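Since the structure comes first, as structure tokens, the remarks are kept for the end.
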Amino acid sequence: MKIEVIKIGGNIIDDEEALSNFLKAFAQKNGAKVLVHGGGKLATRLAAQLDIETKMIDGRRITDDAMLDVVTMVYGGLTNKQIVARLNALGCTAIGLSGADGNAMPATLRKKEPIDYGWVGDPDSNGVNVALLMSLLEQGVTPVFCALTHDGKGHLLNTNADTIASTVATALAKKADVSLTFCFEQRGVMRDINNPDSVIPVITPALFNQLKADGIVSKGMLPKLQNAFDALKKGVKEVRISETIVSSADNGSNTTPHTPIQLLERLIATPSLSRQEEATAAVIYEYLADNGIDNVRRYKNNVWARAAAWDDHKPTLLLNSHHDTVRPWTGGHYDPFTPTHADGRLYGRGSNDAGASVVSLITTFINLYHEPLPVNLLLAITAEEEVTGANGIRALLPELPDIDMAIVGEPTQMQGAIAERGLMVVDGTAHGKAGHAARNEGVNALYKALDDIAKLRTFQPEKVSDTLGPIKVSVTQIEAGSQHNVVPDTCHFVCDVRTTDAYTNEETLALLQALTDADLKARSTHIRASVLNEEHPLARAAKACGRNLFISPTTSDMSQMPFPSLKIGPGDSARSHTVDEYICEDEITAAIPLYEQLIRRISIGSPRKT
């Protein structure tokens, strides 16, 4: 079950038009939902009429005996019952609850130190009567919570409505997929309260602390954000702070409010270092599911799906990019995990490499999901690309249907890379015999290594790649000896070997070993050369779309694919792994129709044989 917990505050409740619009939208939302409301401004006005002083500290009300009577009348009485009555009139079966009703939410009286808040309660999600709430929700009844709890000793307690919402969401998250929305009169959290366009799209814990230190968030926004982060830590899937809720009445399903740019903002704000991509895999999985992809699957931290318009007689085209990133550099102008918009650019770690390709390919896949095409579409957003890890595309390929060709999303300025060299890092060890340098003893391993290095420097194999040219071998490190007067018995050196399609990596290593006396060992042979024939349907389609074809100087997951592939995506490789990495927003908006055009232009001479 999916459950939405939505909280509204006093500014909406006090504005009749805003409240009316909200309740209509809320009543129309399909699925299980819980409403939590405050009412602070109405309580403040009533207290003033009764000559009762209102005291607030950091957005929290001080509740003495007289104020407790006021908030009970307003929260649990007038406001709660009016909202419940109006929801029922709109066709939404609702029931009003305080924490005392059905023992729905007991709380602990807050300690008097360092601040005496009076009759104020702090609830614990473990104490929430989840069985009661689930029973109501399963019967189609919507609980409407006011901001009151009880201490189990007969005393009502005033409780922050944001805390109530967070506690309810956290408790229900143990039984269902729960999202939490704090809905108030602004579009979101703003850097400048006087500028409605200064909404901060995603707030990380580090940014929250900075915003507090800078005084940008204070008063009533502080408990709201503190409760939001508490809820996320305790299992709530997503927390939003906005002025509206999304109604699903029009299409009968819960729709996501995210555009490709907003999805990229979330990916930037969710750290996904290689081998630590669990959170972004969850974001991508949820996004696809929310956009109607009903067969989305996850294997390790790789997310994949196949299009609905599938025909076993057609060849299969894989759309692939990666959602892992390298570690961020320090010293930039922008927080690498805070998506920041400036001058048409979106800054943040992974925005260029390869977040822009990820969101563009995902959007392309969603747009073409039901469309009959010359190929079957298979989407795979994979992990561990930056480290060529064992749990990325290499692990996923055996789980996928047979693949005939691939588009690999990497920053190429939407030009088509048809080839890239392979890579082997080879460790060489030359062996000699130790001896005293003054007595001309021993066999100098360093000299033997230098003889081998000279051979490697002039290495010219018989076959040369028509596309990539010759194999390139560069010795980049050497180490031997520990004393000035001792002939070294071993010498270690490291070779950077850029391989081609003329030989496999294993064949290349064998050729080098036959050339040298040193022992050679490749750290890995997985990064293989990739070459796409210019007459292949992918290459022809790219040229038909006005794309230039080139040889890429960088490696990618093309190296892991035993089928023809074309590397093409928004962004510029020169921005990858840099301080203040960015993508131009119009690069993404231009990439999506180009991807769609390229796919539609693939011309297959004959269908796959079954």
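Summary of computed values
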quantity	calculated
Gyration tensor (alpha-carbon) shape descriptor, segment 73-180, a/c threshold 1.5	oblate
Spread of Cα-to-Cα distances over 10 Å intervals beginning at zero, given as percent, for segment 1-150	11, 39, 34, 14, 1
Under 21 Å from residue 175, Cα to Cα: lysines that are on another chain or at least 8 residues apart	2, 7, 29, 33, 233, 234, 237
In segment 105-136, trypsin sites (Lys or Arg not before Pro) in a DSSP loop with at most 12 other beta-carbon atoms within 10 Å	111, 112
Principal-axis tilt of helix 585-600 within the chain, Cα atoms, nearest 10 degrees	60
Of all accessible heavy-atom area on segment 294-400, the percent that carbon and sulfur account for (1.4 Å)	47
Gyration tensor over alpha-carbon atoms, segment 452-610, equivalent ellipsoid semi-axes in Å	41, 22, 12
Percent accessible area from carbon and sulfur atoms, segment 74-142, protein chains only, probe 1.4 Å	54
Leading residue at positive end of dipole, the chain (Cβ point charges), from 176, 239, 36	176
Approximate spin-label separation residue 600-residue 413, in nm, with each point projected 7 Å along Cα-to-Cβ	2.7
Charged-residue dipole, Cβ positions (Lys, Arg, Asp, Glu), the chain about Cα centre, Debye nearest 20	580
Cα pair distances of segment 508-570 binned at 10 Å [whole percent]	17, 38, 24, 15, 6, 0
Label-point separation in nm, residue 51 to residue 82, each point 7 Å along Cα→Cβ	2.6
Convex hull volume of segment 141-184 per residue (C-alpha atoms, cubic angstrom)	102
Heavy atoms of residue 12 accessible to a 1.4 Å probe, total area in Å² rounded to 10	10
Trypsin sites (Lys or Arg not before Pro) restricted to DSSP loop in segment 520-565 with at most 16 other C-beta within 10 Å	523
Pairs of alpha carbons in the chain whose separation is greater than 46 Å (percent)	34
Diffusion coefficient, µm² s⁻¹, Stokes-Einstein with Kirkwood Rh over alpha-carbon pairs of segment 283-351 at 10 °C and 1.306 mPa s	104
Relative contact order, percent, the chain [alpha-carbon distance under 8 Å, six or more residues apart]	13
Å² per residue, accessible surface of segment 72-114 at 1.4 Å	51
Acute angle (nearest 10 degrees) that the helix 16-28 long axis makes with the longest principal axis of the chain, alpha-carbon atoms	60
Fraction of the pair-distance distribution of segment 253-325 above 18 Å, Cα-Cα pairs, percent	46
Equivalent ellipsoid, segment 285-409 (semi-axes from 5 times Cα gyration tensor eigenvalues, Å)	29, 17, 12
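The values are calculated or read from the model by the stated rules, or taken from the named source; none is laboratory data. Values in this document were obtained by computation on a predicted structure and should not be read as measured data. Because the Cβ atoms are built from the backbone with ideal geometry, glycine has one as well, and the counts that use them run over all protein chains shown. Note: accessible area is taken over every heavy atom of the protein model, side chains too, but ligands, DNA and RNA are not part of it. Shrake-Rupley method; radii C 1.70, N 1.55, O 1.52, S 1.80 Å.
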